[in-house]
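Notes to accompany the following structure.
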Amino acid sequence: MKKLTLQNPAYRYLEESFKEWLDILGYAPTTVYNLPIHIRELLHYLESQGVQNIRSLAPAHLEAHYENLKTRSNQRRGGGLSGAHLNKHQQAIGKFTAYLRQVRQQDLKVHHLHHETTSPTMTSLSQAEISQLYEATYQNKPHPK
């Protein structure tokens, strides 16, 4: 959610510093732009829960934030957030915790949240179904062997 405003100056600094860290490490411009937006949503959630210091972040906060994401609506397209969008939030949290470990020497105990499936499983056609496709393609022509 791009339009969220962080009240806590320390959180605003963390978001900007995280963005610079991603840029310095050479991440793609879209990653440098998008991952901090996901982190802003996390930080905004923490503010709403009264957590004013990142050192107070606990796995329970992350799990509650993730459950909140799963139930909130997609403001641009309607409906809920897609599995791919939820996975991007997961990726952002993973990178953010790496940033906190490396730059801020803060080790957060983050439990892995569930990875959302993003595409249906593929099924294979049987030989009979493939033959039917060939027959439909060639209509009255003989079936090639």
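For region 38-63, a tally of residues being touching a helix residue (DSSP H, G or I) at 6+ places or on another chain (Cβ under 8 Å), hydrophobic (A, V, I, L, M, F, W, C) and assigned to a helix (DSSP H, G or I) returns 6. Looking across THR31, THR71, THR5, one residue alone is among the hydroxyl-bearing types (Ser, Thr, Tyr) and either touching a Pro at 6+ places or on another chain (Cβ under 8 Å) or surrounded by 11 or more Cβ atoms within 10 Å (Cβ to Cβ) (or both). It is THR31.
Any read-out appearing in this document is the output of simple, stated calculations on the displayed coordinates, not a laboratory observation. In this text the structure is predicted, and so the values were computed from the model without any measurement. FYI the Cβ positions are ideal-geometry reconstructions off the backbone, even for glycines, and counts take in every protein chain you see.
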